[in-house]
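Worksheet for the structure shown next.
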Amino acid sequence: MNPINNLIRGNKLFRKYHFEDFKDDLHELINNGQKPEVLFISCCDSRITTDFMIGSKPGDLFTLRNIGNFVPPYSADGDFHGNASAIEYAVSVLKVSNIIVCGHSHCGACQSLYEDIPNTDDYINIRKWLELGKEAKDMTLENKHLYKNKQDLYKATEKNSIICQLKNLLTYPAIKRKVLTKEITIHGWYYNLIDGSIEFYDQENKKYKDINEYR
Ligand SMILES: [Zn+2]
């Protein structure tokens, strides 16, 4: 079936079988405005299906997706910053109390940090954007001896990148302030495409743990 027709069919099924479940809540959110408690930053990767993964419903998450789930550091240079403005909106307008940076296994963005990106106009923005993964790559290569193969190296890069992006979140003055006053908690999650499991980064002990150990 044509992929667009597939989506149209999907919408028909959604309206028939699922929309009713959300209807009342959605109408309330329309009347009173959205009030999500979580800003969820994840990768554009088509295999990341946020609402399926964690059972979130309309109104639960304010979502920002980009290549590699990167967080560009705060910059007040007056340029067009789509990612930063989404973060600002979540923090300053919606006043979310949690920010989750959710990386994932088999991330093409992290893998491409080890590949040559063509230096042509067709890739100019990707090349620039991937600079946001450089710190994670450097961090990973410092312990290169620990990784048996490329897959292990990529996995470590994906996990280190989440840590770097959490650090970048703190370059936003409003986030830094609200983390200090405990109005905002930041979380690093790692989603495994193989089995759908999630690990979280224990910031105190500096290691990843199964999400079921989260307290
Ligand atoms: Zn990815």
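Throughout, read-outs are computed from the coordinates displayed, never taken from laboratory work. Not measured: the values here are computed from a predicted model. Backbone-built Cβ (ideal geometry, glycine too); neighbour counts: all protein chains shown.
Stokes-Einstein at 20 °C, 1.002 mPa s, Kirkwood radius from Cα pairs: D for the chain in µm² s⁻¹? Working shown, then result.
Details: Rh = 18.9 Å.
Translational D for this selection: 113 µm²/s.
If the reach is capped at under 26 angstrom between alpha carbons, list the lysines near residue 182, excluding any in the same chain fewer than eight residues apart.
Result set, ordered by chain and number: 35, 57, 95, 159, 167, 206, 207, 209.
Ranking 110, 102, 164 by Cβ neighbours within 10 Å, fewest first, what do you get?
Details: 110 29, 102 24, 164 21.
Final ranking by Cβ density, sparse to dense: 164, 102, 110.
Among the GluC sites (Glu not before Pro) in the stretch 103-165, which ones are in a DSSP loop with at most 13 other Cβ atoms within 10 Å of the Cβ? Mind listing them? The partial results should precede the final answer.
Details: sites: 115, 131, 135, 142, 158; in loops: 115, 142.
Hits after loop and neighbour filter: 115, 142.
What do you get for chymotrypsin sites (Phe, Trp or Tyr not before Pro) in the stretch 36-101 restricted to DSSP loop and a cutoff of at most 14 other Cβ within 10 Å of the site's Cβ? Could you put the intermediate results ahead of the total?
Details: sites: 40, 52, 62, 70, 74, 80, 89; in loops: 70, 74, 80.
Taking the stretch 36-101 and a limit of 14 other Cβ atoms within 10 Å, the loop chymotrypsin sites (Phe, Trp or Tyr not before Pro) found are 80.
Go through the cysteines of the chain and tell me which have no other cysteine Cβ under 4.7 Å away.
43, 44, 102, 164
Can you run phi through the Karplus equation (6.51, -1.76, 1.60; θ = phi - 60°) for the stretch 122-139 and list ³J(HN,Hα) in whole Hz, with x for Gly and Pro?
Result, ordered by residue: 5, 10, 4, 7, 5, 4, 5, 4, 5, 4, 5, x, 4, 4, 5, 5, 4, 4 Hz.
With n ≥ 4 as the cut-off for DSSP H runs, can you work out [θ] at 222 nm for the chain, using -39500 (n - 2.57) per run divided by the number of residues, rounded to the nearest 500? Write out the running numbers ahead of the final one.
Values: 9 runs with 84 residues, N = 215.
Computed mean residue ellipticity for the chain: -11000 deg cm²/dmol.
Neighbour counts of other C-beta atoms within 10 Å: give me 49, 157 arranged from fewest to most. Before the final figure, lay out the partial values.
On the way: 49 12, 157 25.
By the 10 Å Cβ count, ascending, the order reads 49, 157.
Note down the relative contact order for the chain as a percent, whole number, built from C-alpha pairs under 8 angstrom at least six residues apart.
Details: 266 pairs, mean separation 44.2, N = 215.
In percent, rounded to a whole number, it is 21.
Test of understanding: in a Gaussian network model of the chain with alpha carbons linked when under 10 Å, which of 73, 118, 173 would top the mean-square fluctuation ranking?
Comparing 73, 118, 173 in a Gaussian network model of the chain, the most mobile one is 118.
At a 10 Å Cβ-Cβ cut-off, how would you order 179, 91, fewest neighbours first? Mind showing how you got there, number by number?
Values: 179 16, 91 22.
Ordered from fewest to most neighbouring Cβ atoms within 10 Å, 179, 91 come out as 179, 91.
Could you work out how far the C-alpha centroid of the stretch 18-42 sits from that of the stretch 119-176, in angstrom?
So the separation of the two Cα centres works out to 33 Å.
Kindly provide the trypsin sites (Lys or Arg not before Pro) of the stretch 30-106 that DSSP labels as loop, not H, G, I, E or B, and whose Cβ sees at most 16 other Cβ atoms within 10 Å.
Loop-located and lightly packed - 47, 95.
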